[in-house]
Amino acid sequence: MSDSPRPAPPSAEPVIIPPDNCSSKVRLSCFPAIDCSNRSPNDRELGLLLSSLLHIHGACVLKNLIPPDVLSQCVSTTSKHLPLHRGSYRSGFLESSTNRWHLSMHKVKDKLITNSLAECETSYQEWLPYFFDRREFKRTQFQFLRSEPGSGGKNQMFHQDNSKRGLTFLIPLVDVPLIRGPTQLLLSTHRLTGSALQSASVLNSAASSISNVASTVSIHAPTLEAGDVLVYDSRTLHRGLKNRDVEGRPTLILRYDEVGSEPPGHGAFSTTIFRGIGNVLAMLAK
Ligand SMILES: O=C(O)CCC(=O)C(=O)O
């Protein structure tokens, strides 16, 4: 995964998700998305386009990326690990915030899960080197997340997955309409930290970029259909919204980081500060 071709300017036009598929907040532009139907996993143009959209906006939806048979394989292999009764999650699951349960798949020695992971990765792994350019990178996380339904849940807090450049792929195993609490993102906030000119501290770096980012930031909660994938630069501020539906939202999360820039790159103090920055930017956002 370390040798990569140098990206060239993309030539294909991004497909933009129509406004009625975005969150209800009024905005000037819509969420960047690429329709991957019938695209080959080693489509170079698509890899370059994705890298370019991530560079500009910090996130992108890959529509129709995961083939239905791979998706149903993921659903059946992960469902074995779900509790029979709500609230009876077995050890291994971690409740990161109210009603959001995570299971690190690296800890689950299940060949079928490993196979379905490999199938998902096949759909996009040829494109990763375009984003990481010539830098060496590796997979740093493979998680199964289930956001439970019900009014007891809360919106997650805004956070970065890593203060340094990296990629997060969210693969929902069901449709994610607004009621099921999609991921909300503050586009452009990937510029807050981790630039080439980054100062020694995450906070210094963010302080100098907040005013630049504030003028361009926009807030979105793109709804997804099963088979779509949300990918974002790990620095993009985001949070999972509360699931108000009667069905859960099971999601696979795969993360990739540069070697030497392992996540999260934040301590307790900067995590709190970035939650505040996210809340303020969300109010200012278009
Ligand atoms: O639930 C989501 O949509 C986002 C997941 C996430 O950011 C996390 O678990 O850290």
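The values are calculated or read from the model by the stated rules, or taken from the named source; none is laboratory data. These numbers come from a predicted model, not from an experiment. As a convention, Cβ positions derive from the backbone with ideal geometry for all residues, glycine included, and neighbour counts pool all protein chains shown.
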Query raised in the report: How many residues does region 152-188 hold that are in a strand (DSSP E or B), within 12 Å of the ligand (Cβ to nearest atom) and more than 26 Å from P67 (Cβ to Cβ)?
Result: 2
Report task. Identify all residues within region 225-246 that are acidic (D, E) and in contact with a Pro (Cβ under 6 Å, 6 or more places away or on another chain); write none if there are none. Result -> D245
Query - Conditions (1) within 14 Å of the ligand (Cβ to nearest atom); (2) under 29 Å from R134 (Cα atoms); (3) not in a strand (DSSP E or B): number failed by N243 - result: (2)
Requested in this report: State which residue is nearest to the ligand (Cβ to nearest atom) when the search covers only region 220-240 and only residues that are crowded, with 22+ Cβ neighbours inside 10 Å and aliphatic (A, V, I, L, M).
Outcome: L230
Query raised in the report: With respect to the numbered conditions (1) surrounded by 22 or more Cβ atoms within 10 Å (Cβ to Cβ); (2) of a type outside the set (A, V, I, L, M); (3) touching a strand residue (DSSP E or B) at 6+ places or on another chain (Cβ under 7 Å), which one is the sole condition not fulfilled by Q156?
Result: (1)
Report task. Return yes or no: is L252 within 25 Å of A33 (Cβ to Cβ), touching a strand residue (DSSP E or B) at 6+ places or on another chain (Cβ under 6 Å) and outside any helix (DSSP H, G or I)? Result -> yes
Query raised in the report: Taking strands (runs of 3 or more DSSP E) that do not extend beyond region 45-105, which have at least 3 residues that are within 16 Å of the ligand (Cβ to nearest atom), at pLDDT 95 or above and buried (at least 18 other Cβ atoms within 10 Å of the Cβ)?
Result: 59-63
Query raised in the report: Pairs under 6 Å by beta carbon, first residue over 19 Å from T98 (Cα atoms) and of a type in the set (F, W, Y) in region 153-181, partner assigned to a strand (DSSP E or B) and more than 10 Å from the ligand (Cβ to nearest atom), six or more apart or different chains?
Result: F169/V229; F169/V231; F169/L254
Report summary line: When every residue in region 141-151 that is part of a strand (DSSP E or B) and more than 23 Å from A282 (Cβ to Cβ) is compared, the one farthest from the ligand (Cβ to nearest atom) is F142
Query raised in the report: What are the residues in region 251-286 that are in contact (Cβ under 8 Å) with a residue 40 or more places away in the chain, of a type in the set (V, I, T) and more than 17 Å from R165 (Cα to Cα), if any?
Result: T251, I273, I277
Query - Members of region 102-141 that are in contact with a Cys (Cβ under 9 Å, 6 or more places away or on another chain) and touching a residue at least 60 places away in the same chain (Cβ under 8 Å) - result: L117, C120, S123, Y124
Report task. Please find, within region 130-140, the residue that is nearest to the ligand (Cβ to nearest atom) out of those that are closer than 19 Å to L117 by Cβ and crowded, with 19+ Cβ neighbours inside 10 Å. Result -> T140
